[in-house]
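**Q** Below is the structure I would like to discuss, written out as structure tokens.
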Amino acid sequence: MNITREEKKEKALEIMKTLNIYMPYIKGFREENTVCYFEEFAGFWAYQDTELMQKVQEFEKKHNCLVYAITHEFTEFGELYDFLIITDYKEEWDTLVTGRGYQHYAYAYVWNKDDEWCSEFGTIGVISFGGGIKRIS
């Protein structure tokens, strides 16, 4: 049985609050389905980047999941976009984000824009600060 987009969205909103994401970004996601991406804690609307939004839409359709936030960073092995996601498997939901306070581990798909072969699913470390999030590991 597939989980509805609305059910995934409710879980995403819960997680966004747990991550202490800035309320206007949560409101934008809740009311307009807009996803925020973060660079060094600063947030931007993902729809401002056409290529990124196309990738998010393709990814969500292919994997039947919901992207609720994205972190962006440049590393020695490529430009990375970390899609924090709600999966189609409700039994996994309690483990999609763990941690407390300002440090968490989140389940994500890491898109390596420079080398697609290095893209993968996994858990990343994130910290919250000032309403934004940043990948730390």
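Nothing in this text is a laboratory measurement; each read-out follows from the coordinates by a stated rule. On a predicted model such as this, the values are computed, not experimentally measured, just so you know. Here Cβ is always computed from backbone atoms with ideal geometry, including for glycine, and neighbour counts include all displayed protein chains.
**Q** Return the equivalent ellipsoid semi-axes of the chain as a descending list in whole Å, where each equals the square root of 5 times an eigenvalue of the C-alpha gyration tensor.
**A** 19, 18, 15
**Q** Please work out the C-alpha center-to-center distance from region 45-71 to region 23-44 and express it in whole Å.
**A** The two parts, judged by their Cα centres, are 13 Å apart.
**Q** How high is the relative contact order of the chain, in percent, with contacts defined as C-alpha pairs under 8 Å that are six or more residues apart?
**A** It rounds to 25 percent for the chain.
**Q** What value, in deg cm²/dmol to 500, does the helix sum -39500 (n - 2.57) over DSSP H runs of n ≥ 4 give at 222 nm once divided by the residues of the chain?
**A** -8500 deg cm²/dmol
**Q** Determine, for ILE26, ILE136, the number of other Cβ atoms within 10 Å of each Cβ, and report the residues in order from fewest to most.
**A** If I rank by nearby Cβ atoms, fewest first, I get ILE136, ILE26.
**Q** Quick one: order GLU73, GLU10 by neighbouring beta-carbon count within 10 Å, fewest to most.
**A** The most exposed by this proxy come first: GLU10, GLU73.
**Q** Fewest first, what order do TRP93, TRP117, TRP111 take by the number of other Cβ atoms within 10 Å?
**A** If I rank by nearby Cβ atoms, fewest first, I get TRP117, TRP93, TRP111.
**Q** Calculate the spin-label point distance for LYS9 paired with THR123, positioning each point 7 Å from the Cα along the beta-carbon direction, and give it in nanometres.
**A** 2.9 nm
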